[in-house]
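Trainee: Shown below is the structure under consideration.
Just so it is clear, none of the values below were taken in a lab; they were calculated from the coordinates. Because the structure is a prediction, the values reported are computed rather than measured. Counting neighbours? That spans all protein chains shown, and the Cβs are built from the backbone with ideal geometry, glycine included.
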Amino acid sequence: MFELTGKTVFITGGGGGIGAGMAQAFAERGARIVLADIERDFAEQESARLPASAEARAITLDVRDLASWRAASEAVGAIDVLCNNAGISTGFKPLVELSPETFERLMAINVTGVFNGIKTFAPQMIARGSGHIVNTSSMNGLSPFASFAAYSASKFAVLGLSDAVRDELAPAGVGVSTLFPGLTRSRMSEADANGLTRANMMDPIWLGRAVVRAVENDEPYVVTHPEYRDALADRQSRILAAFGEPAQPGYRTGPSATR
Ligand SMILES: NC(=O)c1ccc[n+]([C@@H]2O[C@H](COP(=O)([O-])OP(=O)(O)OC[C@H]3O[C@@H](n4cnc5c(N)ncnc54)[C@H](O)[C@@H]3O)[C@@H](O)[C@H]2O)c1
């Protein structure tokens, strides 16, 4: 069990809905909180809501920029939990209508941002032999749908990266979890929402509490919205159904690098 009392938790996108929910939940466990966001005002607003025991700090961070991460690391020193949570969506739009600049910006924040966070803080966790990293993917990182292609691609990337890095860091005693939110109340989801979806949003504190339990118990996956299960099962079964005979007649399967 990973004891969180007195530990330092660094949350990117900490000025946003889900990041703030995580901050509240870690604070409930007696952790110290750093809220890092490109919008410092958002991070400051959320840090003001946390209890004094959280010794909350708001810092400016652009997750796309390694120099910005280095400055953050120098400012906060050692941390115990890193939540790579900052992310953007492009709204519902066919892929062909996305500009190359929008696609690149999405990937830089949603994917490179996660790489930069791990690159900055994992070495100190490895050296210490303890720590935990939480990466925010999405249900769209398991079940893509039309008009959300680029976002889905970025969130699939977060899952692939997280699963592999979990295996890489386990021998060093560092845990990695992936969070797959479904619809949750936040600035992003409010901007994308229509009347129907707006009525159906989960409160981010519950995602935060699920993340806290996953860190405490070193769980690989955090699923907060079980209603997406059938869509995922359907997709997985369609992929498994495509596994048949080898494409090359007579090809013999040998030991494989993949599992
Ligand atoms: N809300 C949902 O329904 C939902 C569902 C699935 C996944 N997610 C994911 O949850 C995460 C949090 O999003 P949210 O819903 O709380 O949205 P949000 O917009 O409330 O929060 C995102 C935060 O990230 C910050 N941010 C944006 N670019 C940044 C950058 N370059 N560097 C640092 N911070 C930056 C924003 O200022 C914002 O405060 C995202 O990764 C999002 O993709 C959200």
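Trainee: Step through the residues of the stretch 8-20 one at a time and calculate ³J(HN,Hα) from phi using the Karplus curve (6.51 cos²θ - 1.76 cosθ + 1.60, θ = phi - 60°), rounding each to whole Hz and writing x for Gly and Pro.
Mentor: 9, 10, 10, 10, 7, x, x, x, x, x, 6, x, 5
Trainee: Running a GNM on the chain with Cα contacts under 10 Å, which residue among THR178, THR60, THR197 ends up with the highest mean-square fluctuation?
Mentor: THR197
Trainee: Right, another one. Whose amide H sits under 5 Å from the amide H of ASP218, counting only residues 5 or more places off or on another chain, with H placed in the peptide plane?
Mentor: Residues meeting the criterion, in which the H sits 1.01 Å from N, are PHE2.
Trainee: On to the next question. Would you calculate a helix-derived [θ] at 222 nm for the chain, using -39,500 (n - 2.57) for each DSSP H run of n ≥ 4 and dividing by the full residue count, to the nearest 500?
Mentor: Calculated mean residue ellipticity at 222 nm is -13500 deg cm²/dmol.
Trainee: Going by alpha carbons, how many degrees (0 to 90, nearest 10) lie between the helix axis of 229-241 and the longest principal axis of the chain?
Mentor: 40
Trainee: I've got another one for you. Please list the non-local residues whose amide H lies under 5 Å from the amide H of ILE38, H modeled 1.01 Å from N, same-chain partners needing a gap of 5 or more.
Mentor: Here the answer is GLY13, LEU61, since their amide H atoms fall under 5 Å of that of ILE38.
Trainee: In addition: In sequence order, what are the phi-derived ³J(HN,Hα) couplings for the stretch 125-141 according to the Karplus relation 6.51 cos²θ - 1.76 cosθ + 1.60 with θ = phi - 60°, rounded to whole Hz, with x for glycine and proline?
Mentor: Coupling constants for the stretch 125-141: 5, 4, 4, 7, x, 7, x, 8, 10, 10, 10, 8, 9, 5, 4, 6, x Hz.
Trainee: Which whole-number percent gives the relative contact order of the stretch 1-88, counting Cα pairs below 8 Å spaced six or more residues apart?
Mentor: The value is 35 percent.
Trainee: Please give the contour-minus-distance gain from ALA146 to ALA247: 0.36 nm per residue of separation, less the Cα-Cα distance, rounded to one decimal in nm.
Mentor: This chain segment gains 33.4 nm when fully extended.
Trainee: For labels at ALA52 and ARG213 in the simple 7 Å Cα→Cβ model, what's the distance in nm?
Mentor: Taking the simple label geometry, ALA52 and ARG213 are separated by 3.2 nm.
Trainee: Which loop trypsin sites (Lys or Arg not before Pro) in the stretch 32-119, with loop taken from DSSP, have no more than 14 other Cβ atoms within 10 angstrom of their Cβ?
Mentor: The qualifying sites are ARG49.
Trainee: Ok, one more. Distance in nm between label sites at SER130 and GLU97, each 7 Å beyond Cα in the beta-carbon direction?
Mentor: Here the answer is 5.1 nm between the modelled labels.
Trainee: GNM, the chain, Cα, under 10 Å: largest mean-square fluctuation among ASP218, ASP234, ASP163?
Mentor: ASP234
Trainee: Loop by DSSP (not H, G, I, E, B), at most 14 other beta-carbon atoms within 10 Å: where is the longest site-free stretch of the chain for chymotrypsin sites (Phe, Trp or Tyr not before Pro)?
Mentor: Maximal segment without exposed cleavage sites: 146-242.
Trainee: Under 8 Å for C-alpha pairs, at least 6 residues apart: give me the relative contact order for the chain, rounded to a whole percent.
Mentor: 20
Trainee: While we're looking at this one, here's another question. Starting at the first residue of the stretch 26-42, write each ³J(HN,Hα) from the Karplus equation 6.51 cos²θ - 1.76 cosθ + 1.60 with θ = phi - 60°, in whole Hz, x for Gly and Pro.
Mentor: 5, 5, 4, 8, x, 7, 8, 10, 10, 9, 10, 7, 5, 9, 4, 4, 4
Trainee: At 7 Å along Cα-to-Cβ for each site, give me the label-to-label distance between THR197 and GLU74 in nm.
Mentor: About 4.1 nm separates the two model spin labels.
Trainee: Taking amide H positions as placed 1.01 Å from N in the peptide plane, with prolines and chain starts having none, which residues 5 or more places from ARG32, or on another chain, fall under 5 Å of its amide H?
Mentor: GLY6, LYS7, THR8, VAL9
Trainee: Sticking with this structure for a sec: Taking the Cα centre as origin and putting +1 on Lys and Arg beta-carbons and -1 on Asp and Glu beta-carbons, what dipole magnitude results for the chain, to the nearest 20 debye?
Mentor: 260
Trainee: If you build the Cα gyration tensor of the chain and take the root of 5 times each eigenvalue, what three semi-axes come out, in whole angstrom, biggest first?
Mentor: For the chain, the ellipsoid semi-axes come out as 30, 23, 18 Å.
Trainee: Using only Cα atoms, locate the centre of the stretch 176-243 and the centre of the stretch 1-74, then give the distance between them in Å, rounded to an integer.
Mentor: 21
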